[in-house]
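The values are calculated or read from the model by the stated rules, or taken from the named source; none is laboratory data. Owing to the predicted nature of the structure, the values given are computational and were not obtained by experimental measurement. Reconstructed Cβ throughout: ideal geometry from the backbone, glycine too, with neighbour counts over all protein chains shown. What goes into the accessible areas is simple: the full protein's heavy atoms, side chains included, and nothing from ligands, DNA or RNA. Shrake-Rupley method; radii C 1.70, N 1.55, O 1.52, S 1.80 Å.
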Amino acid sequence: MALDFQRPDPSSPAAVASAQFTVTRRGYREEEVRDFLRQVSVEMARLLERERFLQNELQALQSRGTIDVATVDEALELRNAGITAPVRVLWRVPPALLRTAAEAGIGVAATSSAIVDELLAADLRGAPSLGVDVEVDSGLGRDGILPDETATQIARLRAASPRLEIRSIWSHLANAENVDLARAQQRRLVEQAA
């Protein structure tokens, strides 16, 4: 049996599953070919559905606002994939990659006085403004600029404008289920942002 894909077009799962073959004297067993094509059509349908799902996820991601990622490598992967939505790196960005972040429009987190020092020391001449998202420790006790240092660090960052641009001031909640604690943290954050 010889394969003849002139019709139907094999680019869709239904076409592959319903393909007709010319039977010859020394060809393949028709039932084996038919089973194989059914498997191929099922896999094609799965892949096409996955592609539609990923396209929808990409559109939703693009429209939701800032995308938080852990590392600058993850942020750069998003940019390389065509994601243009705002991106914020939550972990420290090595000083050698701060210019790359600025050029890619990736925001970096200022989570301590030491990181503010690194941001201020970065050579960003000729690069676009580097977006900085200031994290305030409002009660989590793990990361963020301490409340008694926040005003000073924000003033230092503002003085570096337009090289550095503060995009946001944010904090982690220690326990979102504890409403009283979360509200107290919210009050501390608002006080520090004022």
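With a cut-off of 15 Å between beta carbons, the residues surrounding Arg88 carry a summed charge of -4, where Lys and Arg count +1 and Asp and Glu -1.
Sorting 100-112, 164-176 by their mean Cβ neighbour count within 10 Å, with the most densely packed peptide first, gives 100-112, 164-176. A 1.4 Å probe run over the protein chains yields, for the chain, 62 Å² of accessible area per residue, whole-number rounding. Remark on Glu165: its backbone amide H falls under 5 Å from those of Leu130, Gly131, Val132, a criterion applied only to residues 5 or more positions apart or on other chains, H modelled at 1.01 Å from N. Counted over the chain, the DSSP beta bridges are approximately 5% antiparallel.
Any chance you could give the angle, 0 to 90 degrees and rounded to 10, that helix 179-193 forms with the longest Cα principal axis of the chain? Tilt of helix 179-193: around 70 degrees.
Applying the Karplus relation 6.51 cos²θ - 1.76 cosθ + 1.60 with θ = phi - 60° to segment 156-168 yields 3J(HN,Hα) values of 4, 5, 4, 5, 8, 5, x, 4, 10, 10, 6, 9, 7 Hz, where x marks Gly and Pro. Given +1 at the Cβ of Lys and Arg, -1 at the Cβ of Asp and Glu and no other charges, the dipole of the chain around its Cα centre is 460 debye to the nearest 20.
Given R₀ = 22 Å, what would the calculated FRET efficiency be for Thr66 paired with Ala45, taking r from the Cβ atoms and rounding to 0.05? Between Thr66 and Ala45 the formula returns 0.05.
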